[in-house]
Amino acid sequence: MAKSNAVWGIDIGQCSLKALRCTLSPDGEGIVADKYDYIEYPKILSQADADPEELVREAIEQFLSRNTVVGDKVAVSVPGQNGLSRFFKPPPAEARKLPDLVKYEVTQQIPFPIEDVIWDWQQLGGTIEDGRTIDAEVGIFAMKREAVYRALSPFNDADIEVDFVQLSPLAIFNVVCHDVIDVLPDPANFDPENPPPSIVVISMGTDTTDLIVTNGIKLWLRNIPIGGSHFTKQLAREMKLTQAKAEHLKRNARMAENPKQVFQAMRPVFNDLVNEVQRSLTFFSSMDKSAEISEVVLIGNAAKLPGLRQYLNKQLEIDVRKIDEYRRLSGSAITGQKSFDENLLSFAPCYGLCLQGIQKSELKTNLLPREMVVERIVRAKKPWILASVGALLLGCVLGLYFEHNALWSVDPEFKGTNNASWKQAVSSADRESKKSAAATEIDTTQKANLAKLNLLGSELSSASDRKTQWMEMYSAISQALPKDPFVEELRKQGISSVNPAEFPFEGRKEIYIDHLESMYYTDLGQWYGEVKNVYERQTAETLAGGLTPADDSDSVDEQMEEDSFGDEEETSGGSSKLSGESGWVIELQAHHFHNFEGDTSVLSDLDYVRSTIIKQLIDGEVVLPDGTYKFSDLGVTFPTVVRADERMTEKFIEFDPAEARKALNGFDAMGRGMESMSGFNGPGTADQRIADGETTFKANLFTFVVQMAWQPRTPNERKLAREARLKKEKEEATAAANNEQSVDGEDVQ
């Protein structure tokens, strides 16, 4: 069962049982006392004729008869003399390694076998710098295992489940930090060389006194074997009284017939107590020379002894005060009661235990045996384990039931609502399945035959298309070549030779193809990356309205050098154009004689090539049997002069005058004047213009190489390409017209 937020702090002392129940305030910040109990034993547990176990058992029974602890947390304290406390300063170390250092220190400082003790530890102060804990102090607190079990025995007998076991002086330390010190120092700003003032707490019990020195961060403890019972024994011995009468006289010393005599009788114990306190403080000061003690606080019922505070104040020369209230403990219904107020000083351990149970304490160590914690966890989980096992068994049974029903529902003999069994349905399904398999087999065979026919047809048609495409490409290249009208007319008459004397080579508007090569590329982008720079410059000059003689400002060598054809720095990056696309690269090795040496009034050399075949390949049209297309429609792109002569080359050509005379006379007979033809030197007959001795003529030869990309297209593909091109041209023309109208409109305005 889950426990509430209420905590019972129970302190079993030598003369009484004290218990205090606290809860959190509604705002979650304060502590509220809602119940308490104070049960005094008929005898002090340390008296010779007392039975401690019986007295404690009766006190617990009386406590349970007036209170209930079921559902609440329970924290109990054990006397300081039953425990062991050690403090050490670890070297700077990573926080995760601190537990290992503590374990080693425990084996060194606890003078008992480690398996015979129950211990816990807590870091006191310290800061973290660069992942390391520095200026920290570690407190180790331990008890013998048998002492812990002996302290828990009366609670186990009464079926009270204890959650916390704490040493009484540590519980008092929590009270001092929470209720006595106004402002706790910040560990991050704590200066070990200049610490805040320390407070000395003297907690007087029946048999012993706990001395606690703390500044809110550091802690030092000592148990002094002098308590309230020593004053009683001293009175009984000096004044020849019984134990009971001596106790009564001690508590009412101021009302005695001779108070001075009573104080004189107890004086030796006063002196012993002061000496022990002074010795302890001297030892503490020798250990911590920077510590400064500001005041002494008295708690415990024995501290109510008349004259004790004044005597300590005088002897220690330090301000000594008793706690007359718990400032931060609310619940006036409890704190305002007379019996609680009379025993206020003895409730400090209970208050500290409640603070720890509500998680408002500074020290959080717990000496409850781990095996008891594990046993409780197991016991708490047993009902859940049994419930889980039961649910698992129920699930198995239900699963078996449904599995059996499901198995029967598919049994061959099972009959449904139509009184038909699975056996009959399976037989019928098998018959239909066989029919379906036969039909599927026939369909598969027919599909395979159809695929073969389609493949055969595709192979035949593709082979025919490829042959046609190459013939169309040859025709297109032929149409791209410039044609001289005069020479063409002669060729129509069957005359293939033209006299250079009458029609010089310089005037012939022709280009001659010497060789045609082709190479297939799986990635045309690789080729385009090599010709990109040359192509872009040549295209810009070719399409910029056509070349004129004035454009020929650079020689062929200079143009090719500026284009940096093959320059690794320009072309190594390649281009995204044609990247990943396959196709052919067509190479034309050609020459022409349209070169006028020293005459810059006409186009010659490379400029003549650009203005004729290159311009035609870029923007010209070609006529095919199924229509007129541009070369781009056929898949021809990026025509580029990739290599050319640096200059014109003189070449001497042999010529047969007789054959030329025959040809020219034949052409004269056609009734056409030769003098009217471009390139002729003047009027006259053929016999006059051709001398028999002229057989060798000089020509200015210019050779070059053109490459272009070709991605063959079927007739349907090129028609679609033409339609897309015409549509784009129309859209661009419309946009240009609209833009011109818009500009004109603005001019008018």
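Nothing in this text is a laboratory measurement; each read-out follows from the coordinates by a stated rule. Since the model is a prediction, treat every value here as computed from it, not as a measurement. Every residue, glycine among them, receives a Cβ derived from its backbone with ideal geometry; neighbour counts consider all protein chains shown.
Remarks
- Highest mean first, the peptides 509-521, 53-65 sorted by other C-beta atoms within 10 Å per residue fall in the order 53-65, 509-521.
- Karplus-derived 3J(HN,Hα), 6.51/-1.76/1.60, for each residue of region 283-298, Hz, glycine and proline x: 5, 4, 5, 5, 7, 10, 6, 8, 6, 10, 8, 9, 7, 10, 10, 9
- Where trypsin sites (Lys or Arg not before Pro) fall in DSSP loop in region 245-294, at most 15 other Cβ within 10 Å: LYS289
- Relative contact order, whole percent, for the chain stands at 11, derived from Cα pairs under 8 Å and 6 or more residues apart.
- FRET efficiency, LEU101 to GLU58 (Cβ-Cβ, R0 60 Å, nearest 0.05): 0.85
- Taking one quarter of the surface of the C-alpha convex hull of region 93-210 gives a mean projected area of 10.3 nm².
- Per DSSP, loop GluC sites (Glu not before Pro) in region 260-348 with at most 10 further Cβ within 10 Å: GLU317, GLU325
- Whole-Hz couplings from phi, Karplus 6.51/-1.76/1.60, listed for region 410-416; x for Gly and Pro: 10, 5, x, 8, 5, 10, x
- Ranked by the mean number of other Cβ atoms within 10 Å of their residues, highest first, the peptides 112-121, 420-429 fall in the order 112-121, 420-429.
- Annotation for ASP34 and GLN526: the two label points, set 7 Å from Cα along the Cα-Cβ direction, are 8.8 nm apart.
- With the simple model of a label 7 Å out from the Cα in the direction of the Cβ, GLU371 to ARG321 spans 4.8 nm.
- For the listed peptides 328-336, 103-111, a ranking on the average number of other beta carbons within 10 Å per residue, highest first, reads 328-336, 103-111.
- The chain: antiparallel DSSP beta bridges as a percent of all, rounded to 5: 80
- Annotation: cysteines of the chain without a disulfide-compatible partner (Cβ-Cβ under 4.7 angstrom) are CYS15, CYS177, CYS350, CYS396.
- Euclidean distance of C-alpha centroids, region 213-242 and region 348-404, integer Å: 43
- Toward the positive end of the charge dipole of the chain, with +1 on the Cβ of Lys and Arg and -1 on the Cβ of Asp and Glu, the farthest Cα among GLY216, ASN454, ALA380 is that of ALA380.
- Rounded to the nearest 0.05, the FRET efficiency derived from the C-beta distance between SER46 and ALA387 at R0 = 51 Å is 0.55.
- Amide H contacts under 5 Å for ASP72: SER4, restricted to partners 5 or more places along the chain or on a different chain, H placed in the peptide plane at 1.01 Å from N.
- Per-residue ³J(HN,Hα) for region 353-370, Karplus 6.51 cos²θ - 1.76 cosθ + 1.60, θ = phi - 60°, Hz, x for Gly and Pro: 5, 5, 4, 5, x, 8, 6, 10, 9, 7, 8, 10, 6, 9, 9, 5, x, 5
- Debye log10 I(q)/I(0) for region 370-415, one point scatterer per Cα, at q = 0.14, 0.30, 0.32 Å⁻¹: -0.54, -0.94, -0.99
- Test item: Cα-centred dipole of the chain, Lys/Arg +1 and Asp/Glu -1 on Cβ, debye: 7020
- Close Lys pairs in region 200-297, defined as Cα atoms under 30 Å apart and 8 or more places apart or on different chains, number 8.
- For the chain, fraction of C-alpha pairs farther apart than 35 Å, in %: 70
- Site pair ASN738 and ASN343 shows an inter-label distance of 10.2 nm when each label is modelled 7 Å from Cα along Cα→Cβ.
- Rounded to 5, percent antiparallel among DSSP beta bridges of region 7-368: 70
- Length gained when the stretch ASN405-HIS515 is fully extended (0.36 nm per residue, less Cα-Cα span): 30.8 nm
- In degrees, nearest ten, helix 422-480 long axis to first principal axis of the chain (Cα): 50
- A Förster radius of 45 Å, combined with the Cβ-Cβ distance separating ALA724 from GLN446, puts the computed FRET efficiency at roughly 0.70.
- Coordinate range of the alpha-carbon atoms in region 375-447 per principal axis, descending: 78, 37, 14 Å.
- Residue list for region 386-410, given a label point 7 angstrom along the Cα-to-Cβ vector of ALA429 and an amide N cut-off under 14 Å: 409-410
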